[in-house]
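The values are calculated or read from the model by the stated rules, or taken from the named source; none is laboratory data. Since we're looking at a predicted model, the values are computed, not measured. Quick reminder, even Gly has a Cβ in these numbers, built from the backbone with ideal geometry, and neighbours come from all protein chains shown.
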Amino acid sequence: MDMTRQPPRRPTNTSMLGIVSLARLTDKARAHRANTIGEHLYGENSGLDKIVLDFLGVSHDDFADAAQRMNDAELCDWLRENYPKTEDEVQAYNNELLTWEPFDDASRQRLKDRLEKFNADPNKVKTMLQSMELDDWGCFRDTDLTQHPPRSPYNSDVAGIYGGSRMGDKARAAKAGKLNDYIYDCPIDQVILEFLNISAEDFQDAAYHNVNDIELGDWVLEHTDRTQDEISRLNEALSQKGPENDEQVAIFNITLERIAPGRTDITTWFDLLDLDDAHAYNLE
């Protein structure tokens, strides 16, 4: 996970073993190992991580090693087998974390600063975890495509769908007024949204409020009837899609000649988009 482009999952997320902040810890461990953790802290350098790791009874190095080589389901099995917890233990731990309030001058000031910075309702953001969640959301909600391109159409981190992360980037950028020359709800977006039976407006709202790819993907899967097999077939069709009529061929060839004259290996829209992004932001 590249945490320079998105935050870890919410601190209140309980999707892994029903344990508060375990999913967040997992994202940070993987980003730590990949050197893509951005401004977040992992392990002994994070107060929340230390609490979660102490509850689990595992060292930050052992956890990071496991998170790096396992997916979420495998990691849960590993924890269940090697560091088992009872339901009562999990419930007591969750209750303590979910009601954890700012405890010193520094944490109280951070909460105050975040409330002011992101114009949040102080009646809805009171606890430590709510303060962290507000900061994550506020820092990543306004994607700025004047500074960098959206992610590759081949990125499938949102619900396993090619173009999902890219569409999320454009949706947030459109809401922030920083779309640059990109188009949200472009023809490829329309194919994906029609396939999912989700409106462009609903997806944009979901992308704005779910700035982590996995959590946005969870929202998508909750709002569509599509199966993973159907998603795989969509991905194959999208990745192989090229211009289909004379008008599209003309647009395709003009763009290709402008950014990469002489290239004959670029035949799909996805490859052209990647090439155009790299050219526009001098990433070649």
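Scan the stretch 188-208 and tell me whether some residue there is outside any helix (DSSP H, G or I) and at pLDDT below 95. Break it down stepwise before answering.
So the first thing to find is which residues in the stretch 188-208 are outside any helix (DSSP H, G or I), and the list is 197-199.
Those still in the list that are at pLDDT below 95 too: none.
No, the stretch 188-208 contains no residue that is outside any helix (DSSP H, G or I) and at pLDDT below 95.
In the stretch 234-262, which residue that is of a type in the set (D, E, K, R) and surrounded by fewer than 13 Cβ atoms within 10 Å (Cβ to Cβ) is nearest to L283 (Cα to Cα)? Outline the logic, then answer.
First, pick out the residues of the stretch 234-262 that are of a type in the set (D, E, K, R): 236, 241, 244, 246-247, 257-258.
Next, only the ones that are surrounded by fewer than 13 Cβ atoms within 10 Å (Cβ to Cβ) stay: 236, 244, 246-247, 257-258.
Values: E236: 26, E244: 29, D246: 30, E247: 29, E257: 18, R258: 16 Å.
Out of the qualifying residues, it is R258.
Just to be sure before I move on: is A237 in contact with a helix residue (DSSP H, G or I) (Cβ under 8 Å, 6 or more places away or on another chain) and assigned to a helix (DSSP H, G or I) in the structure I sent? Give the steps one after another, and end with the answer.
Details: in contact with a helix residue (DSSP H, G or I) (Cβ under 8 Å, 6 or more places away or on another chain): no; assigned to a helix (DSSP H, G or I): yes.
No.
Testing R226 on (1) part of a helix (DSSP H, G or I); (2) over 28 Å from A31 (Cβ atoms); (3) of a type in the set (K, R), one condition comes back false. Which one is that?
It fails just one condition, (1).
Which one is surrounded by the most Cβ atoms within 10 Å (Cβ to Cβ) among residues in the stretch 212-227 that are among the acidic types (D, E) and under 11 Å from the mean Cα position of the chain (by Cα)? Show your work before the answer.
First, the residues of the stretch 212-227 that are among the acidic types (D, E): 213, 215, 218, 222, 225.
Right, trim to under 11 Å from the mean Cα position of the chain (by Cα) and you get 213, 215, 218.
On the way: D213: 24, E215: 21, D218: 18.
Only one residue fits best here, namely D213.
I'd like the full set of residues that are over 20 Å from P149 (Cα atoms), of a type in the set (V, I, T) and not in a helix (DSSP H, G or I), limited to the stretch 242-273.
Once the filter is applied, which keeps residues that are over 20 Å from P149 (Cα atoms), of a type in the set (V, I, T) and not in a helix (DSSP H, G or I), the stretch 242-273 yields T264, T267.
Please enumerate the residues belonging to the stretch 32-59 that are touching a Ser or Thr at 6+ places or on another chain (Cβ under 9 Å) and more than 22 Å from Q130 (Cα to Cα).
Within the stretch 32-59, T36 is the sole residue that qualifies.
Kindly list, by first and then second residue, each pair from a residue in the stretch 36-53 that is of a type in the set (D, E, K, R) to a residue that is outside any helix (DSSP H, G or I) and crowded, with 19+ Cβ neighbours inside 10 Å, limited to pairs with Cβ atoms under 9 Å and residues at least 6 apart or on different chains.
Every condition considered, the pairs that remain are E39/M3; D49/S21; D49/Y42.
Among T26, T12, T4, T86, which is the only one that is hydroxyl-bearing (S, T, Y), within 18 Å of the chain's Cα centre (by Cα) and either surrounded by fewer than 17 Cβ atoms within 10 Å (Cβ to Cβ) or in the same structural domain as V125 (by TED's automatic domain parsing) (or both)? Talk me through it step by step, then tell me what you get.
On the way: T26 fails: either surrounded by fewer than 17 Cβ atoms within 10 Å (Cβ to Cβ) or in the same structural domain as V125 (by TED's automatic domain parsing) (or both); T12 fails: either surrounded by fewer than 17 Cβ atoms within 10 Å (Cβ to Cβ) or in the same structural domain as V125 (by TED's automatic domain parsing) (or both); T86 fails: within 18 Å of the chain's Cα centre (by Cα).
Every option except T4 fails the conditions.
Which pairs do you get when a residue that is in the same structural domain as T224 (by TED's automatic domain parsing) and of a type in the set (D, E, K, R), found in the stretch 188-208, comes within reach of a residue that is surrounded by 19 or more Cβ atoms within 10 Å (Cβ to Cβ) and assigned to a loop (DSSP other than H, G, I, E, B), reach meaning Cβ atoms under 9 angstrom, with the pair 6+ apart or on two chains?
Every condition considered, the pairs that remain are D189/G163.
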